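Data block below; observations after.
The values are calculated or read from the model by the stated rules, or taken from the named source; none is laboratory data. All figures in this text were calculated on a predicted structure; none of them were measured in a lab. Don't worry about glycine lacking a Cβ; one is built from the backbone with ideal geometry, like all the others, and counts go over all protein chains shown.
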Amino acid sequence: METSKFNQFFFFFFFAFAMMISTLRAHIGEFDEVWQQRAKEAEKAALEAYHPDPEKVTRQFNIRVAKSLEGTNSTRRNLRKYTGPCLATNPIDRCWRCKKSWAKNRKRLAKCALGFGRKTIGGKYGKYYVVTDASDEDMENPKRGTLRYAVIQKRPLWIIFKRDMIIRLNQELLMTSYKTIDARGANVHIAYGAGITIQFVKHVIIHGLHIHDIVAGNGGSIRDSIEHVGLRTASDGDGISIFGSTHVWIDHISMSNCKDGLIDAIQGSTAITISNCHFTHHNEVMLFGASDGFDGDKIMQVTVAFNHFGRGLIQRMPRCRWGFFHVVNNDYTHWLMYAIGGSQHPTIISQGNRFIAPPDLDAKEVTKRDYAGPDQWKQWTWRSEGDLLMNGAFFVQSGNPTKKRPYSRKDMIKAKPGTFVTRLTRFAGSLNCRPGKKC
């Protein structure tokens, strides 16, 4: 009997240890010299991207939002499909939308990011690459014209699509640095297969895709660059997985129903902006920081802005560990458990969001803190400033409310209260852009 218990304990210990190693290596089956070098380069890039004064970045962001709202007072979300003249209702969209020539000047988009991912350039200095083939059959030698062939190229590329298409990825799509996936002008779905992995790379822009019904990949031998084929373990089924990567901007993506998370950012990833996205029908929406035991995520800095958290969502919008997170002008119209959560003393600045609580009396609280008692979490900086709390929603704040900051309260809130959110997020999700017409 004692031997049986010991064997059972050993099995679970070994399984937990194996899972931890799998997480740390993010499904790299063989951590060879190529991946070791990438990991070193990614760590160096993350330290360079880390901003020593993150609240300075939030101040710059809020000034831009304030300017974009001057002279407007619309607070109503129109749930019907919009058919009127082009409107760009937030500062990111105003940078490029509503110009008939957008398709001739696609790379202007690279100038438009705000927040911590504002320096992301993607494939701005590369050539255009047109995806003409929706297939994904050969993992080791991808076919020319496919998305997988484009994202593993060594040189910077601005990747666009010739036509509408549904791409079912047989295995996770492993990207290299300095790439933009720009789906404007086509209706492109990444669906019914594996998701996108951004691992140990930098400067990636993903714009305009529909990502949904993602399943776990089986793993195996997969080409992750022109020069390297590596062994991968099974993937989790994330829509977008960001691992040890910096300068990442995810914009105008429609996401739903992935096996694991919609967007995960872990293992020291930083300088990230997630904006103008529409999230629906999912349990664990966004995870920032995967382990309470990995303090390398202290450098994580993420901006979550102008997104609509819609129908069928349950929790983690986002769930944070260790780092600094600016959650600004998002519309939370649905959740079943909580909206924003975390552990390991993350700093969360929630500004000008709209939170509409569900009918459940036990789910009115916006926030959820894990693995810490009040004596600990009361020291964490979680602030709600200018949020619109509706239907009984309440945000439990913590930290020192009198802490001096290098910006005025006017810069942060007064020009953009939560009542403006419906306007700012009106066109969240993938846009129906067509060349020659205003987007």
Study note, to complete from the structure: Contact list, first residue from region 191-209 and at positive phi, second anywhere and outside any loop (DSSP other than H, G, I, E, B) and not β-branched (Val, Ile, Thr), beta-carbon distance below 6 Å, six or more apart or interchain, is Tyr192/Asp213; Phe200/Arg38; Phe200/Ala39; Phe200/Ala42; His203/His247
Practice item. Scan Asp331, Asp292 and give me the residue that is acidic (Asp, Glu) and surrounded by fewer than 24 Cβ atoms within 10 Å (Cβ to Cβ). Key: Asp292
Practice item. Could you please let me know if Gly323 is modelled with pLDDT of 95 or more and within 22 Å of Gln379 (Cα to Cα)? Key: no
Exercise for review: For region 284-301, indicate whether the set of residues that are modelled with pLDDT under 95, part of a strand (DSSP E or B) and not charged (D, E, K, R) is non-empty.
Suggested key: yes
Practice item. Go through region 347-375 residue by residue and tally those that are out of contact with any Lys or Arg (no Cβ under 6 Å at 6 or more places or on another chain), part of a strand (DSSP E or B), hydrophobic (A, V, I, L, M, F, W, C) and closer than 23 Å to Phe324 by Cβ. Key: 2
Exercise for review: Restrict the check to region 413-428 and report whether at least one residue is among the small types (Gly, Ala, Ser), loosely packed, with under 15 Cβ neighbours inside 10 Å and at pLDDT below 85.
Suggested key: no
Check your understanding: Of all residues in region 146-187 being β-branched (Val, Ile, Thr) and without any contact (Cβ under 8 Å) to a residue 40 or more places away in the chain, which is surrounded by the most Cβ atoms within 10 Å (Cβ to Cβ)?
Key -> Ile181
Exercise for review: Spot the failing condition for Val304; the list is (1) assigned to a strand (DSSP E or B); (2) aliphatic (A, V, I, L, M); (3) in contact (Cβ under 8 Å) with a residue 40 or more places away in the chain, and only one is missed.
Suggested key: (3)
Exercise for review: Could you grab me the full set of residues in region 376-412 that are loosely packed, with under 15 Cβ neighbours inside 10 Å, modelled with pLDDT under 95 and part of a helix (DSSP H, G or I)?
Suggested key: Arg409, Lys410
Review point. Listed residues Thr280, Thr246; which is of a type in the set (Ser, Thr, Tyr) and surrounded by fewer than 24 Cβ atoms within 10 Å (Cβ to Cβ)?
Key: Thr280
Revision key, fill the gap. In the set Thr273, Thr333, Thr347, the lone residue that is touching a Leu at 6+ places or on another chain (Cβ under 7 Å) and among the β-branched types (Val, Ile, Thr) is Thr273
Review point. Restricting the search to region 263-283, which residues are modelled with pLDDT of 95 or more, farther than 14 Å from His334 by Cβ and not in a strand (DSSP E or B)?
Key: Ser269, Asn276, Cys277
Check your understanding: Which condition number in (1) over 16 Å from the mean Cα position of the chain (by Cα); (2) charged (D, E, K, R); (3) not in a strand (DSSP E or B) is the one that Asp260 fails?
Key -> (1)
Practice item. Hey, can you tell me all the residues within region 188-223 that are touching a Gly at 6+ places or on another chain (Cβ under 7 Å) and surrounded by fewer than 24 Cβ atoms within 10 Å (Cβ to Cβ)? Key: Val215, Ala216, Gly219
Practice item. For region 165-190, name all the residues that are within 20 Å of Gly219 (Cβ to Cβ), touching an Asp or Glu at 6+ places or on another chain (Cβ under 9 Å) and of a type in the set (A, V, I, L, M). Key: Ile167, Leu169, Leu173, Leu174, Met175
Check your understanding: Looking at this structure, is Thr280 polar (S, T, N, Q), touching a residue at least 60 places away in the same chain (Cβ under 8 Å), out of contact with any Pro (no Cβ under 8 Å at 6 or more places or on another chain) and closer than 28 Å to Asn90 by Cα?
Key -> no
Check your understanding: Is there a residue in region 372-379 that is polar (S, T, N, Q) and over 13 Å from Phe394 (Cα atoms)?
Key -> yes
Check your understanding: Would you call Ser221 closer than 26 Å to Trp380 by Cβ, among the hydroxyl-bearing types (Ser, Thr, Tyr) and out of contact with any Pro (no Cβ under 9 Å at 6 or more places or on another chain)?
Key -> no
Review point. Looking at Gly126, is it within 23 Å of the chain's Cα centre (by Cα) and of a type in the set (Gly, Ala, Ser)?
Key: no
